[in-house]
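Enquirer: Before anything else, here's the structure in question.
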Amino acid sequence: MDAMDHGSKQKVAELKMILRKMSLQACCALVLPEFQLSWRAVSQCIRNARLPMVPDSVARILSRHASKNMTLEELSDLVANLRLKLTATQSRTWHVIKLSSPIDEPLDIMSNDLTSRLTMNMKNVKVFKTMWPEIQSAKLNGFVYISIQMVSASKEGPILYLAIPSGLDVALVNTTRSGLLKICVRGLGYETFEDLALSGSDIDSLLHIYNNGNTRRAEHLSTLPEYKVLPVITRSGIDYTGRNYNELYAKEMLGPNPPILTKMKIESEKEFFAPKILNKKMKVKVTLHSDSVADTLCSWAKLSVLPPTSDLFHIFHKIKSNNFHYNPDDEL
């Protein structure tokens, strides 16, 4: 078996693995246009092979088609492009960076010159003498997704993913420690970038926190009624325990459509509870991990773990990153 056959088999196996992770809907919308095939033709092949109508069957049919009709170079481009689209549609942790110090006129990310400009910028770096860049881009839901990987005939480097919204001087990356990131930022037309220490899996929530945010008290908070536990009518009767009232009050505190954060770290200092024993301040750290910090705070209020008037709800509106330093003397 020559190197070409071995490389093709590796790429076909990688293609099959990517397709297995995609839903049938994603295959129809994102994958079939790459093959210039219709869903009717693919589904007919699946039925003829007596396979179930699942992503694994689609992966088998399309990978077989690719191995027979594509060269190694075409396979490599296809795998890189579909890997990027899989990244764009799957849940992953994104880190927000702020692009600063424009070199000239920042590049229009929606233009077709994006890939060529990034490729040219990568080739000018002397560090990568024996490697060349593989760059893919895809436009989905108002974002441009970019994948950059340095490769050679014998090895492949780690992949840097970027998601860039149109009209904002920010980008979302899968890691802030990649050596390619600074080069890529220059390719986008900026001199430097700043790590905002803001990360999460929901891109819209991250941009919401950055863009308007949670920098000042939301308007609805100033109109909240005084916290006074009242009976609440439920489907099963009248709740006198205050659990449902606390939940409703907490939802008002959080506001409509609160951003989805999976991690929030709060640091503060507090006087020791017995000043006669130790007249110093204690450092207190609280780290919240959950599928949604807002939902967790709301459920804690309902269970009376903490009152809905807790400063945690106000802190949630103030956050600009996953880390928050809380000073009890400051007004929230």
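Enquirer: When residues of the stretch 235-261 are filtered for being of a type in the set (Asp, Glu) and more than 34 Å from the chain's Cα centre (by Cα), how many remain? I'd like the intermediate steps shown before the answer.
Expert: Going through the stretch 235-261, the residues of a type in the set (Asp, Glu) turn out to be 239, 247, 252.
Filter once more, keeping what is more than 34 Å from the chain's Cα centre (by Cα): 239.
Residues meeting the conditions: 1.
Enquirer: Which of the helices (runs of 4 or more DSSP H) contained wholly in the stretch 1-107 include at least 3 residues that are touching a strand residue (DSSP E or B) at 6+ places or on another chain (Cβ under 9 Å)? Quick ask: steps written out before the conclusion?
Expert: Values: elements: 3-20, 32-35, 39-48, 55-69, 72-89.
Passing ranges, in order: 72-89.
Enquirer: Can you report the number of residues in the stretch 252-261 which are within 16 Å of VAL305 (Cβ to Cβ) and either of a type in the set (D, E, K, R) or surrounded by fewer than 19 Cβ atoms within 10 Å (Cβ to Cβ) (or both)? Working first, answer last.
Expert: Just the residues of the stretch 252-261 that are within 16 Å of VAL305 (Cβ to Cβ), to begin with: 253-254.
From the residues that got through so far, the ones that are either of a type in the set (D, E, K, R) or surrounded by fewer than 19 Cβ atoms within 10 Å (Cβ to Cβ) (or both) too are none.
Selection size over the stretch 252-261: 0.
Enquirer: Just to be sure before I move on: is GLU267 surrounded by fewer than 17 Cβ atoms within 10 Å (Cβ to Cβ), acidic (Asp, Glu) and in contact (Cβ under 8 Å) with a residue 40 or more places away in the chain in the structure I sent?
Expert: On the way: surrounded by fewer than 17 Cβ atoms within 10 Å (Cβ to Cβ): yes; acidic (Asp, Glu): yes; in contact (Cβ under 8 Å) with a residue 40 or more places away in the chain: yes.
The answer is yes for GLU267.
Each value in this text was obtained by applying a stated rule to the coordinates, not by laboratory testing. Please read all numbers here as calculations on a predicted model, not as lab measurements. FYI the Cβ positions are ideal-geometry reconstructions off the backbone, even for glycines, and counts take in every protein chain you see.
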